[in-house]
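The values are calculated or read from the model by the stated rules, or taken from the named source; none is laboratory data. Predicted model only: the values in this text are computed from it and were never measured. We place every Cβ from the backbone using ideal geometry, glycine too, and count neighbours over all the protein chains shown. Just the protein is used for accessible areas: all its heavy atoms, side chains included, with ligands, DNA and RNA removed. Shrake-Rupley method; radii C 1.70, N 1.55, O 1.52, S 1.80 Å.
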Amino acid sequence: MSVIHKGGKLAASQFGDDFLWGVAMAAQQNEGAYNIDGRGLSIWDVFSRRQGKIKGGHKPYEGCDFYYRYKDDLLLARALGFTVFRFSISWPRILPDGTGKVNKEGIAFYNKVIDECLKLGLEPYVTLYHWDLPHALEKEGGWTSYRMTRWFTRYATICAEAFGDRVKNWIILNEPMGFTSLGYMLGKHAPGKTGMSNFLPAIHNAVMCQADGGRVIRDLVPHARIGTTFSCSEVIPYSDRTEDVMAAKRMDILLNRLFVEPALGRGYPKDDFKFLEKLEIHAKAWKYTERMRFNFDFIGLQNYFPIVIKYSPIIPVIQAMEVKAKTRKVPYTGMGWEINGESFYRLIKKFWLYGGVKEIIISENGAAFKDELVNGEVKDEARIAYFQEYLQAVLKAKQEGVNIKGYFAWTLMDNFEWAEGYKARFGLIYVDFATQLRTIKNSGYWFRDFLHKKSK
Ligand code: BGC
């Protein structure tokens, strides 16, 4: 039975007056100016030079030029009706060598962005780490190094001291499962490392930084609201055969439980997936259960698609493989990601039912499609339908008592979509990367109308 009514009436006012409507972006994907005003190199700047790693050989060097156009872009975000702006700080812009000397011009840039947000009525939500590790630290082992917590704590301290007088909403990490698995296990993202000997310590160091970072902000920023984000996907077994069900369970542990459970004080979910006991060998992890806990004010859920999982004896360790949406006769986005608002609803409920989660913010959700700019217009009706379906899911969960405080659309403008380069367009605003000209897509106008009606 369908739990959400796809064609149903949807109004922003149904979410309540205090619901936060935001738009999200990240430094490496948007700022550009990669070697300007003292910024150091990030792992993505370096990774993108390796042949075949990024589609089209694209580089993140220019992004969508947010470094120079932030005033106009923030104005656009406000004009579309958003009142929250989530962005990340680039670690190598603040500390070009990762540690050591602070780059004053980096601090000055974010001061300008924060002040502009406040001037326009955009509440800043600042992410400390959205995947752009300083290359200098990667040379020392990056996320696999036990020194990571020391490096991260210093970086967080500098940010808290510089911006904490005006920034009250902090997000410690963006999707730790994303950057540890793609970057340190599968080699598809920067820094391109592979294998368990990299993945396991990277997991543990990220879990530690997640909590340590929270404590830094708690100590230094009065009245801070502190959260961290998790990528999450409902994992659906391909069939009810025991092998498929068990394979889906293992995948669920990796995708949905590995980072949130330590934060909630439960340690790693190793009892359900014995393989995770190897974390002990790599990281002496068990004795840190207390330190891995942090009492977050909110958690950020980021969902794009569910996945269907089948048992596969040839895949090492996890023995599971994904059955792609394209082969299953279901609707999917330009990335081949299944569109399924119902699954999003179930996932929100699942995280809520953990217990111990005080508040949920949907800190990212959106879709890429093959957008075309024709006669000054981008008719992205599929994206509008996607947002409507996913927002119905949020509303339904909220009406059933889940404490969901906000929804941040991903993303303001088309930008550098990691290994997909600039071809995958997620923005509410279309960017012509040759001229940097912006055009609001129909989905952007849809948000404007949707949010505008709320204030009437
Ligand atoms: C990341 C974003 C990314 C988006 C779409 C999320 O995993 O946080 O940086 O652009 O997904 O792929």
For Trp352 the rounded accessible area (nearest 10 Å², probe 1.4 Å, non-protein molecules ignored) is 70 Å²
Rounded to the nearest whole number, the per residue volume of the convex hull around the C-alpha atoms of segment 1-96 in Å³ is 184 Å³
For segment 240-284, listing trypsin sites (Lys or Arg not before Pro) in a DSSP loop whose Cβ sees at most 13 other Cβ atoms within 10 Å gives Arg241, Lys284
Any lysines whose Cα falls less than 22 Å from that of Lys287, other than same-chain ones fewer than 8 residues away, would be Lys270, Lys274, Lys278
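How large is the accessible surface per residue of the chain, computed with a 1.4 Å probe and reported in Å² as a whole number?
39 Å²
Of all chymotrypsin sites (Phe, Trp or Tyr not before Pro) in segment 112-169, which ones are in loop regions per DSSP and have a Cβ with at most 16 other Cβ atoms within 10 Å?
Taking segment 112-169 and a limit of 16 other Cβ atoms within 10 Å, the loop chymotrypsin sites (Phe, Trp or Tyr not before Pro) found are Tyr146.
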Kirkwood Rh over alpha-carbon pairs of segment 347-456 plugged into Stokes-Einstein at 20 °C, 1.002 mPa s gives a D in µm²/s of 139 µm²/s
Taking the alpha-carbon centre of each part, the distance from segment 291-368 to segment 161-217 in Å is 18 Å
Cross-link reach from Lys370 to lysines, straight Cα distance under 21 Å and at least 8 residues apart if same chain, gives Lys55, Lys59, Lys324, Lys326, Lys329, Lys379, Lys423, Lys441
With DSSP loop assignment and no more than 15 other C-beta atoms within 10 Å, the GluC sites (Glu not before Pro) in segment 328-430 are Glu372, Glu400
Of the convex hull enclosing the alpha-carbon atoms of the chain, the direction-averaged projected area in nm² is 20.7 nm²
For the chain, the accessible surface attributable to carbon and sulfur atoms (probe 1.4 angstrom, ligands and nucleic acids excluded) amounts in percent to 53 percent
